[in-house]
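Enquirer: Have a look at this one before I ask anything.
The values are calculated or read from the model by the stated rules, or taken from the named source; none is laboratory data. Computed from a predicted model, the values in this text were never measured in an experiment. Cβ placement follows ideal geometry from the backbone for every residue including glycine, while neighbour counts extend to all protein chains displayed. Calculation scope for accessible area: heavy atoms of the full protein, side chains included, ligands and nucleic acids excluded. Shrake-Rupley method; radii C 1.70, N 1.55, O 1.52, S 1.80 Å.
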Amino acid sequence: MREIRLDLLLLSLALLFAPAFSDLLLSKVDRRIDLTSHVVRITSTLKVENAGTDPVSEVLLAFPDTQAKNIAYLTASTIEGKGKTKSSSVSLPIQVVHPDGMPPSLTWHSVSLLKGLSKGESLTLDVLAVFTHTLRPFPEKITQAEIQRVAFQESAYYLSPYVVKVQSLTVKHSGQFESYTKLENSRASGSEIKYGPYENLPSFSFSPIVIHLVNNQPFAVAQELVREIEISHWGNVQVTEHYNLIHGGAHITGEFSRLDYQARPHVRGASAFRNLVAKLPPRAHSIYYRDEIGNISTSNLWGDSTKKLLEIEPRYPMFGGWRTSFTIGYGLPLQDFLFQSRGIRFLNITFGCPINEVVIENLIVKVVLPEGSRDISVSVPFAVKQWEETKISHLDMVGRPVVVLEKTNVVPEHNQHFQVNYKFNNLSLLREPLMLISGFFLLFVACVIYVHSDLTISKSSTAYLAKLQWDEVQATVQQVLNIINRCLTIHGKLEASLRDLSRTGDVQACKSARKSADSSLKELSKELRPVLILLQSSSQAVQILPKVEELVAKERELQEKLMLKHSTVVDCYEKKSGGREVENRVASIQQKITALRQEVDDLLEIIDEI
């Protein structure tokens, strides 16, 4: 706290001897400071009057150097109308200037007016300044059980090179404060501390104040965030965000007890944060959240027609000084973000971080365009570093152009839309499909050539001849197996005719099926005979021939038993025997048939293995 007061004292002494700058004056200044998060927002409403004779085209804004180094976002706009009809117009251009004769401890910004302010005229400016790293943890180190307190320094008077007639200051905080600098017309009420109104203050008036308050909001600081936005003209925009996050608040000292934290998280971990919420576009899909270890399941997703909220929870609670790294990814419909006009395509997407109230020390946005994109240009509503590089991905020939944008000290106010314009030939869309088709075609051609190529050294070698003979044996055995399978099919038809006989009692139909089966089996027997002779004459069939012959023998035996069973059943039906008598007569035959079928199946499996 002593260091803070010393800085304010030195600045006050430097401003005592600063001269007034021009004939402009501020008839009314209303400042509002928001300290509810670790991002400090100061909104100043300035009523500017020209009390001189010459027109004025700019208004100067002054910030102490200690404060100016932490400015992340600064904007100014004119306000039109009064009361409920009051509205802000287009933002005015702002640039850093160095006016002569001013104190060296100040940083100056010039607001250019749309038209000159003539003698006696006035206008109202709305100035928003967003600061980072302005709330200093005090004390800088705390235990797990302590709450986080911060100190904020400012001036109760508006620092300006112009005379201020009437001004007031309102400081909004989280509702708890330890102390604040008490001045004339200062008071604390609820979650606000008010200073003023103060009247007829000269230029460069400065009255230092320090507010010591409680702030347990997440001091989430991304030391680096890399956003990669990859465009695919096949209908998708893939966004991948890599975070290196740190808790920028008071560092925790001493041991950490997870047991105490889980038992009383709001007491034994008041200064820590467990989750963050990312606001994603409403049609985001394929959302994931992971780190170096793998997927993190402690996340929730919900939304409606206007937004999707992704609540992410790190693997451990984040205390002051603790770090974590993770990745968020999601897909977006192409038609929502990519548009085309007069042959030019342009991507319109947000620049900053989707997570609430995160300060980004270094943000890198990479826009990966389709291969073949040309005439690339970028439009960003604020200053950024920009360069181009190339990314080699799947099915690329020369690589995809990548537009890289880099900005430091980024706050939620930077989450504005920016545009990337480029030209792209629609015929380039066919490049990847044609590459795939050509690749598969060449692969199939190579396979066909390989299969039909004879890579043997000599066709008269013993090994080659043995291979040919074995191929002939395999073909012959396959013929035998086909014939046997056809015989087994006929066996099945005979069994089916007996089932039909038991259901309908039609003996003539059953005899007709028997006659057809006898004829078919005789034809198959004639077809099998020369095949067996060919197999017996081959020297390469020594190993498999016994099993084939055994299979043929078992099939014939099975055929005989089936014919016997068929004749017995038909005879019983002609004699009008009872069902019990039929079963008794064929029981032993059926047992033999079952055993023979199992033997035939086993032999078929053995031959297949050989």
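Enquirer: HN-Hα J couplings of the range 287-292 from phi, Karplus 6.51/-1.76/1.60, θ = phi - 60°, integer Hz, Gly and Pro as x?
Expert: Ordered by residue, 3J(HN,Hα) equals 7, 9, 9, 8, 10, 5 Hz.
Enquirer: State the label only: which of (1) 26.4; (2) 30.0; (3) 33.3 corresponds to Kirkwood radius over Cα pairs in Å computed from the shown model?
Expert: Only one listed value fits the structure, namely (3).
Enquirer: With loop defined by DSSP as not H, G, I, E or B, and exposure as at most 13 other Cβ atoms within 10 Å, which is the longest segment of the chain clear of exposed chymotrypsin sites (Phe, Trp or Tyr not before Pro)?
Expert: The answer is 235-610.
Enquirer: What accessible area per residue comes out for the chain, rounded to a whole number of Å², with a 1.4 Å probe? Please report the intermediate quantities before stating the final value.
Expert: Values: 32320 Å² over 610 residues.
Per residue, the chain has an accessible area of 53 Å².
Enquirer: Could you check how much of the accessible area of the range 291-406 is carbon and sulfur, as a whole percent, using a 1.4 Å probe?
Expert: Taking all protein chains in place, the range 291-406 shows 49 percent carbon and sulfur surface.
Enquirer: Quick one: grab the alpha carbon gyration tensor of the range 171-272, order the square roots of its eigenvalues as a ≥ b ≥ c, and give me rounded if a/c is under 1.5, else prolate or oblate depending on whether a/b is larger than b/c.
Expert: oblate
Enquirer: Follow-up question, since we're still on this one. Within the range 170-184, find all residues whose amide N lies under 20 Å from a label point positioned 7 Å from the Cα of ASP34 along Cα-to-beta-carbon.
Expert: Zone members listed by number: 170-177.
Enquirer: With a ≥ b ≥ c taken as the square roots of the eigenvalues of the C-alpha gyration tensor of the range 351-425, please select rounded if a/c is under 1.5 and otherwise prolate if a/b is larger than b/c or oblate if it is not? Walk me through the numbers on the way to the answer.
Expert: Details: a/c = 2.58, a/b = 1.98, b/c = 1.30.
Cα axes put the range 351-425 in the prolate bin.
Enquirer: In degrees between 0 and 90, to the nearest 10, how far off the longest principal axis of the chain does helix 507-536 point, with axes built from Cα atoms?
Expert: 90
Enquirer: Considering only C-alpha atoms, what is the centroid distance from the range 147-211 to the range 370-441, in Å?
Expert: Spelled out, the Cα-based centre of one part sits 48 Å from the other.
Enquirer: Are any of the pairs LYS511/LYS565; LYS69/LYS165; LYS28/LYS194; LYS28/LYS115; LYS385/LYS407; LYS279/LYS391 more than 18 Å apart by Cα-Cα distance, and if so, which?
Expert: Pairs exceeding the cut-off: LYS69/LYS165; LYS28/LYS115; LYS279/LYS391.
Enquirer: With contacts defined as alpha carbon pairs under 8 Å and 6 or more residues apart, what's the relative contact order of the chain in percent?
Expert: Once divided by the residue count of the chain, the mean separation gives 10 percent.
Enquirer: Tabulate in residue order the Karplus-calculated ³J(HN,Hα) for the range 264-271, using 6.51 cos²θ - 1.76 cosθ + 1.60 with θ = phi - 60°, rounded to whole Hz; enter x for Gly and Pro.
Expert: 9, x, 7, 10, 8, x, 5, 8
Enquirer: Oh, and also: When the Cα centres of the range 496-524 and the range 571-610 are compared, how far apart do they sit, in Å?
Expert: What the calculation gives is 16 Å, centre to centre.
Enquirer: Which is farthest toward the positive dipole end of the range 241-372 among PRO370, THR253, PRO265, measuring Cα position about the Cα centre, with Cβ charges +1 (Lys, Arg) and -1 (Asp, Glu)?
Expert: Toward the positive end, the furthest listed residue is PRO370.
Enquirer: Name the longest site-free stretch of the chain, where the excluded sites are GluC sites (Glu not before Pro) in a DSSP loop with no more than 13 other beta-carbon atoms within 10 Å.
Expert: The segment 293-610 is the longest one with no such site.
Enquirer: Placing +1 at every Lys and Arg Cβ and -1 at every Asp and Glu Cβ, with all other atoms neutral, what dipole size does the range 122-197 have around its Cα centre, in debye to the nearest 20? Before the final figure, lay out each step's value.
Expert: Values: 8 positive and 7 negative charges, 20 e Å.
So the magnitude is around 100 debye.
Enquirer: Now a separate question. Taking the Cα centre of the range 24-154 as origin, sum charge times position over the Cβ atoms of Lys and Arg (+1) and Asp and Glu (-1), and report the length of that vector in debye to the nearest 20.
Expert: 400
Enquirer: Take the Cβ-Cβ distance between ARG529 and SER567 as r, set R0 to 22 Å, and report the resulting FRET efficiency rounded to the nearest 0.05.
Expert: Approximately 0.30, to the nearest 0.05.
Enquirer: Using the beta-carbon distance between ARG556 and ALA496 and R0 = 25 Å, what value does 1/(1 + (r/R0)^6) give for FRET efficiency, to the nearest 0.05?
Expert: Efficiency computed from Cβ-Cβ geometry: 0.75.
Enquirer: Further question on the same structure: Please give the charge dipole size of the chain, origin at the Cα centre, charges +1 on K and R Cβ atoms and -1 on D and E Cβ atoms. Round to the nearest 20 debye.
Expert: Values: 66 positive and 66 negative charges, 269 e Å.
Result for the chain is approximately 1300 debye, rounded to the nearest 20.
Enquirer: Could you calculate the FRET efficiency of GLN479 with LEU395 from 1/(1 + (r/R0)^6), where r is the beta carbon distance between them and R0 is 60 Å, rounded to 0.05?
Expert: Once the sixth-power term is evaluated, E becomes 0.80.
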